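Working notes for the structure below.
The values are calculated or read from the model by the stated rules, or taken from the named source; none is laboratory data. Every value quoted in this text rests on a predicted model; they were computed, and no experiment measured them. Glycine gets a Cβ as well: all are built from the backbone with ideal geometry, and neighbour counts include every protein chain shown.
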Amino acid sequence: MRYVDVQITRETKPISEKGFGLPLIIGTTGDKPYKVYREIEDVATDYIETTKEYKMASRMFGQEPRPQEIAMFSFDYDSVSDGPTALVAAMNELVKKHKDFYYLTCVEQGDEEITALADWASTSDRIYGATTPNIALAETLKGQYDNLFIEVHDQPEFYVAEGLIATCAPREIGSFTWTFKNVKGVPAVGYDNSEINAIEAANASTYIEEAGILMNSHGVVTSGEYIDIIQATHFLKARMAESVFRLLALKEKVPYTDAGIALVVAEIEGVLNQAFKMGIVADEVGIPLFSITPPRRKDIPKNTIAKRILPDLRWRCVVAGAIENVEIRGVLSL
């Protein structure tokens, strides 16, 4: 137009966001490449119905809700001749090309395999779930991992941990707790109360019937922290990194001034507000309970400014948590 010059700069280049809903099944019956499946019928084209891979995928796809997709890959593995280090090596190779899964499962669920994969998962922000009949394993791993949860079941072939991952994967982080969840197709354990108490004391869980309801008994990782709190940590870490990177990458320049620092603070505040809406951050009369304490430019050493590093940007939030046990005391009188 002759008299008005309008120029629009697009700042819409997508920045990849870490997903939190895709489970991965590690198979060990022959070499099969990484592939994402949407239905159990699709799995049957690559894994016959008698394989552990198919049975685990069937349990996961049979949940309600369930993941839209499940990733799978398989390699030749022999627990006697190869040992669990082969599983770790296979995972190290896999993540060179495929990093988009968040939940980790494996058809090999011996004590050594679970421990090795727990070690591997502890180096990344992912959740690994395993089913075992061995209460002693849970006791051995107690206090060790923030990324591992163990389901102890006297019929491990029902894959309760994997089914639990499947029904929780499509839910929004912060909106649910892993305790009380029903896993379709899994029977209650035959353990007595003392055995169930021992499992939970070991920071593990089992599958029980309570008041006629089949449910997961305890939603914790082996360190003792609740799984939803670990997920909230992963979510906040990923989204803050992505949001601040998007700011730095798509702006022509973020100036090293108090105004520029405020732009970074706004990105962090945006993520915390999102976490509040999701149910991760607690509130007081509708006001989210978080605070952000940024440094002022005049308080930052000149050498740090020269290196273009913004240090000591601190935030704190109160997590909403969840009520899972209720103590009621009453008195009847005449």
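Within segment 195-237, the set of residues being hydrophobic (A, V, I, L, M, F, W, C), farther than 19 Å from Gln63 by Cα and more than 14 Å from the chain's Cα centre (by Cα) comprises Ile196, Ala198, Ile199, Ala201, Ala202, Ala204, Ala211.
In segment 10-28, what count of residues is obtained for those that are at pLDDT below 90 and closer than 30 Å to Tyr47 by Cα? Qualifying residue count, segment 10-28: 2.
Inspect segment 200-220 for any residue being under 19 Å from Tyr102 (Cα atoms), outside the structural domain of Pro288 (by TED's automatic domain parsing) and either in contact (Cβ under 8 Å) with a residue 60 or more places away in the chain or of a type outside the set (D, E, K, R) (or both) and give the result as yes or no. Yes, that holds for at least one residue. Of the residues making up segment 38-61, just one is surrounded by fewer than 21 Cβ atoms within 10 Å (Cβ to Cβ), of a type in the set (Ser, Thr, Tyr) and either touching a strand residue (DSSP E or B) at 6+ places or on another chain (Cβ under 8 Å) or at pLDDT below 95 (or both), namely Thr51.
In segment 39-47 there is no residue that is without any contact (Cβ under 8 Å) to a residue 60 or more places away in the chain, hydrophobic (A, V, I, L, M, F, W, C) and closer than 18 Å to Ala118 by Cβ. Taking every residue in segment 119-139 that is in contact (Cβ under 8 Å) with a residue 12 or more places away in the chain and pairing it with any residue that is assigned to a helix (DSSP H, G or I) and acidic (Asp, Glu), at least 6 positions away or on another chain, the pairs with Cβ-Cβ distances below 8 Å are Gly129/Glu162; Thr131/Glu162; Thr132/Asp111; Asn134/Asp111; Ile135/Glu195; Leu137/Asp111. The set of residues in segment 103-128 that are in a loop (DSSP other than H, G, I, E, B) and either among the charged types (D, E, K, R) or more than 18 Å from Leu148 (Cα to Cα) (or both) comprises Glu108, Asp125, Arg126. Taken together, the residues in segment 150-203 that are in contact with a strand residue (DSSP E or B) (Cβ under 8 Å, 6 or more places away or on another chain) and polar (S, T, N, Q) amount to 4.
Quick check: anything in segment 238-254 outside any helix (DSSP H, G or I), within 20 Å of the chain's Cα centre (by Cα) and touching a residue at least 60 places away in the same chain (Cβ under 8 Å)? For segment 238-254, residues outside any helix (DSSP H, G or I), within 20 Å of the chain's Cα centre (by Cα) and touching a residue at least 60 places away in the same chain (Cβ under 8 Å): absent. For segment 65-81, the candidate set comprises residues that are of a type outside the set (A, V, I, L, M, F, W, C) and touching a Ser or Thr at 6+ places or on another chain (Cβ under 7 Å); within that set, the residue that is farthest from Thr28 (Cα to Cα) is Pro65.
When segment 279-334 is filtered for residues that are outside any strand (DSSP E or B) and in contact with a strand residue (DSSP E or B) (Cβ under 9 Å, 6 or more places away or on another chain), the ones remaining, listed by number, are Ile280, Ala282, Leu289, Pro294, Pro295, Asp312, Leu313, Val318, Ala320, Gly321, Ala322, Glu324. Filtering segment 62-89 to residues that are more than 23 Å from the chain's Cα centre (by Cα), crowded, with 17+ Cβ neighbours inside 10 Å and among the small types (Gly, Ala, Ser) leaves only Ala86. For Asp100, state whether it is modelled with pLDDT of 95 or more and either assigned to a helix (DSSP H, G or I) or closer than 21 Å to Ile230 by Cβ (or both). For Asp100, the condition - modelled with pLDDT of 95 or more and either assigned to a helix (DSSP H, G or I) or closer than 21 Å to Ile230 by Cβ (or both) - is not met.
Considering only segment 288-311, how many residues are under 27 Å from the mean Cα position of the chain (by Cα) and of a type outside the set (Gly, Ala, Ser)? Selection size over segment 288-311: 4. Residues in segment 32-44 include at least one that is of a type in the set (Val, Ile, Thr) and over 20 Å from the mean Cα position of the chain (by Cα). Residues in segment 167-219 that are surrounded by fewer than 15 Cβ atoms within 10 Å (Cβ to Cβ), charged (D, E, K, R) and closer than 21 Å to Arg126 by Cα: Glu172 only.
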